[in-house]
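So the structure is just underneath, and the comments pick up after that.
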Amino acid sequence: MQPPMGNERPPPPGRPVSAFVPGAAAPPPPFAAGGPFVPPPRQGVPPPQSGAAAPPFGAAPPAAMGGYRGPPPSQGPFTSVPPPQGPFTSAPPPQGPFTSAPPPQGPFSSAPPPQGPFSSAPPSQGPFASAPPSQGPFASAPLSQGPFTSAPLSQGPFAAGPPPPQGPFAAVPPPFRPLPSSLVQPQSPTGGGFPPPPTYARPPPPLQSQGYYPGAPPANPQFPMSRAGFQQPVQTMAPPPMGPAATFGNQAAYPSAGPPVGGTLQSLVEDFQSLALSSAPGSLDPGVDIKGLPRPLDGDEEPVKLSEAFPLNCHPRYFRLTTHAIPASQSLVSRWHLPLGAVVHPLAESPDGEEVPVINFGSAGVIRCRRCRTYINPYATFADAGRKWRCNLCTLLNDVPGEYFSALDASGRRYDTDQRPELSKGTVEFVAPTEYMVRPPMPPSYFFLIDVSVSAVRSGLLEVVAKTIKSCLDELPGFPRTQIGFLTFDSTLHFHNFKSSLSQPQMMVVADLDDVFLPLPDDLLVNLVDSRHVVDSFLDSLPNMFHDNVNVESALGPALKAAFMVMSQIGGKLLVFQSTLPSLGIGRLRLRGDDVRAYGTDKEHTLRVPEDPFYKQMAAEFTKNQIAVDIFSFSEKYSDIASLGSLAKYTGGQVYHYPSFQAVTHGDKLKHELSRDLTRETAWESVMRIRCGKGVRFTTYHGHFMLRSTDLLALPAVDSDKAFAMQLSLEETLMTTQTVYFQVALLYTSSSGERRIRVHTAAAPVVTDLSEMYRQADTGAIVSVLGRTAVENSLSDKLDSVRQQLQLKLVRSLKEYRNLYVVQHRIGGRLIFPESLRYLPLYILAICKSLALRGGYADVSLDERCAAGFSMMILPVKGLLNFIYPSLYRVDEVLTLEPNKIDFSLKRLPLTMQCLDTGGLYLLDDGFTFLVWLGRMLPPELVNSVLGISLANFPDLSKIQVTECDNEFSRNFMKILRTLREKNPSYHQLCRVVRQGEQPREGFLLLSNLVEDQMAGTSSYVDWILQIHRQTQS
């Protein structure tokens, strides 16, 4: 047995740790030949009375725990008469020393379980019960229906004999009885040589029931439960949650309700969650209940354990590690199998009242370590009566400037610590002095590059863009320094003079696309305040200016070169509105489209990478001159987002895709997202670096940026809607420190023209135990890194290979985790996983079914696939999880409630067709689109009230505009939409309506998003779990 590591949970009393395997040779008695090992009684702990029930693990009262029950006893609680032998009986003899239910004097007993084989509850709760079946997140069937329902206590093969008078520490072993031939169980065809063991699960903490889909499976009348010893074929195999993850160090993981147990047994505690997956021999039932599978119905779970252990860390919204326990050695890293890294969201929006403190050191200058350049932070320590401070990253002792000096108290803490945010808060902002500037801070600049070809005119694009820009002029950041300019193009380039002395703008046309030049040296990019009247006049006349244009060409490449010439001196943001494939001049793209013959071959990935190097070269030039590019694409046909998107990818920009844009349908979405892009607070001329403590370093980075050196990210513009992921590696074979520190520093120019440094500092413990790494894992961060790396891998490999790589990572990690416990536990029929990663299998399945990675040629258009990939590369954790596993709500049942109660009544549902009622109205939200699904039995009056239309008179639902009608149902429905949009203002969900059975729209709008169902050759959630389970056992 492994010696205890010091951070395992203490086991509950009476926990079974061994099991007799029918048909296998009996192992020797543990520890000693003369009798079983029994821990000595602990001082001050009286043994429980033989008739009293032991407390149920100290986790919760028995009635509050979810789990399985067996039938109630019928022949007296401790009868030892063996039962009639049924065909599926899997029990060992009644009182053998290797029974999986320890008898009162068994080898590992620390308290007599007087009332049933695995129970510390009263006998009425059955051998596997820890709660009434109707309660708890994984509620199982009623008493007569449980998947592994045991025989009554008086009859079961695990029935214990009467309690001995010796008390809980009896040293006399019971006699061993050989197994009768009638008890030998036939081997399971899927279980190797071992029969599936009964599910044994640790009871849950009291408040763990949120976020699951409760419910009991239907009874199976084919298998009556009246015969003793007969087990019903498996229907539900979902045990309850295994309790919270272990805390750091040696803190107790349970309340001190139960009697303490010696540390000898700590390594034998079940420290995992599990799903039992073995069906009964001969049964066609897969052996897993879909309602019992873990689902993230509460959305993203921010790690709180680390905040409690390291309260001075920055908030997890800014910085999240994939595991908040850093491995101490390379061998631990090699056994981790999941990404080791972090997700950084440097400008995440703070809740109201939690503003980031701004600090100006004045003449003292910014306090930094002179060796590693780390900024002063809460983890720095002071020495020499306050005259020195020690860097927490490199341990160098630095001088404290005289202006910054403060005396220390008896504990070595500065007296002014609480008054200085940089010493008491994990996130601060420093005002940077002039030495942090390469040039004076530039004013915020916005330059618009607008396609005015015939497709842009006919779709209504010009009118929406012009009106939206005009409505945002007063809210552009940087007033009164803001600069603005416009360039329109089709087969020629149209420059516009906005000189403040003009009453209306002048347009100058340049037709030479091979040698682009600026017709004016100045007045193409002007101060908005000075030239406001000219800009207003231009935006009013823009839609009519090109109203009769029939030009179908697009000279995007030359237009980009012209825009670069205009902006290169100042930098800023370039917004490109493109409605057709670039066809003229440099950077023209051919209609390579989606080639079905390429899928499944080595050439498949070439469809998803830029065809012309021109766009990446231009992106490098833009970044060098502090210009960020945002792409708005509106084409009805193929527009090569793979090539155009590289402009945004390498400049810190963003890609917005509106396939088949029509102003009537998509106008609101474009208006909101363009407004958000223009008015959100933006950090200009930015660079970001992440420093690490001794022994670790970041090696790879994922997101939209240009890597200027090995660890410096160049970001011409960055905002609150963009996050970055990165992966760590260990520089040393063995870590020597107990804590690793991280510091994110973003140097930028604010819109007001001030140079600032946003600093986030965090600490994480170094561990030598792999199980601790798993306990402290952060599913959201892991999924963010995995999603980004999968998108990047799809640019150099086949989609099928990328999906297989994701599955392999999952299988290897769960297999490694399984190996931690397989020696101590009989877990043949169970998929085990840490509590922290209970949603990871579903999220990885969701990534494989996401727009960017699902299927092949026929499943997603190439442009949509590429646009989704660009979005996944920048989404923060919460947005990414909602994108791959959307929120599904039933809304018809809450429309009759009072408006102030609706928000609390909306409950997320699992993404499976089984949750959809033909008489219901459902809403699916993935952060980019709302899908309203109308069941075929939905009352027409309700549809008419909510949508304002009659389905009988409105056959084409793709053209429905969801607007507020003058009735209570409609007002409540629009309130639901507004509430969901306010939760994530980064994007505006376009509302689309689909009717049940309306093909093909229902297929690609709804069914493709039900990631738990089988579709187009992909696995369902149940099949996926079974597949993962088989592979972890192989």
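The values are calculated or read from the model by the stated rules, or taken from the named source; none is laboratory data. All figures in this text were calculated on a predicted structure; none of them were measured in a lab. Backbone-built Cβ (ideal geometry, glycine too); neighbour counts: all protein chains shown. Areas reflect the complete protein model, heavy atoms only, side chains present, ligands, DNA and RNA absent. Shrake-Rupley method; radii C 1.70, N 1.55, O 1.52, S 1.80 Å.
Annotations
- Cross-link partners of K425 among lysines (Cα-Cα below 18 Å; sequence separation of 8 or more within a chain): K305
- Residue-normalised accessible area of segment 529-656, expressed per residue, 1.4 Å probe, Å²: 38
- Remark: spin-label model distance K975-S334 equals 6.1 nm, labels positioned 7 Å along the Cα→Cβ axis.
- A simple spin-label model places pseudo-atoms 7 Å from Cα toward Cβ; at Y638 and E681 they are separated by 4.4 nm.
- Cut-off 10 Å between beta-carbons: net charge of the residues surrounding Y436, Lys and Arg +1, Asp and Glu -1: +1
- The gain in end-to-end length when the F904 to E302 segment is fully stretched comes to 214.6 nm, 0.36 nm per residue minus the alpha carbon separation.
- Under 14 Å from the Cα of K649 - aspartates and glutamates, other chains or at least 8 residues apart: E621, D630, E792
- Cut-off 14 Å between beta-carbons: net charge of the residues surrounding Q419, Lys and Arg +1, Asp and Glu -1: 0
- Distance from segment 627-688 to segment 490-512 (C-alpha centre basis), Å: 24
- Computed lengthening from R697 to D1023, 0.36 nm per intervening residue step minus Cα-Cα distance: 113.5 nm
- Exceeding the 18 Å Cα-Cα cut-off - candidates K669/K983; K470/K975; K291/K907; K722/K878; K499/K573; K616/K637: K470/K975; K499/K573; K616/K637
- Pair E968, N625: separation of 7 Å Cα→Cβ label points (nm): 6.2
- Segments 973-979, 870-876 sorted - mean Cβ within 10 Å per residue, highest first: 870-876, 973-979
- Normalised by residue count, segment 582-631 yields a Cα convex hull volume of 102 Å³ per residue.
- Apolar share of the accessible surface for segment 632-681: 49 percent from carbon plus sulfur atoms, 1.4 Å probe.
- Applying a DSSP loop filter and a limit of 16 other Cβ atoms within 10 Å to the trypsin sites (Lys or Arg not before Pro) in segment 888-938 leaves K907, R936.
- Partners of K815 within straight-line reach, counting lysines whose Cα lies under 24 Å from its Cα and excluding those fewer than 8 residues away in the same chain: K849.
- Estimated FRET transfer efficiency (Q569, S660; beta-carbon r; R0 51 Å; 0.05): 0.85
- Across segment 474-617, the relative contact order, built from alpha-carbon pairs under 8 Å that are at least six residues apart, equals 22 percent.
- Segment 361-420, relative contact order [Cα under 8 Å, separation at least 6], %: 27
- In Hz, Karplus ³J(HN,Hα) per residue of segment 484-490 (6.51, -1.76, 1.60; θ = phi - 60°; x = Gly, Pro): 8, x, 9, 9, 9, 7, 9
- Accessible surface of segment 765-837, 1.4 Å probe, proportion on carbon and sulfur as whole %: 46
- For chymotrypsin sites (Phe, Trp or Tyr not before Pro), the sites in segment 484-583 that DSSP calls loop and that have at most 15 other Cβ atoms within 10 Å are F517.
- Loop trypsin sites (Lys or Arg not before Pro), segment 474-534 (other Cβ atoms within 10 Å of the site Cβ: 16 or fewer; DSSP): K499
- Every Cα-Cα pair in segment 523-634 was counted, and those over 25 Å apart are 38% of them.
- Ranking by accessible area, most exposed first, for F632, F928 with a 1.4 Å probe: F928, F632
- One Cα centroid belongs to segment 535-571, the other to segment 317-374; the line between them spans 42 Å.
- Computed over neighbours whose Cβ is under 11 Å from that of I290, the net charge equals -2, Lys and Arg +1, Asp and Glu -1.
- Multiplying the residue separation of R387 and D474 by 0.36 nm and subtracting their alpha-carbon distance yields 26.4 nm.
- Relative contact order of segment 534-668, defined on C-alpha pairs under 8 angstrom at six or more residues apart (%): 25
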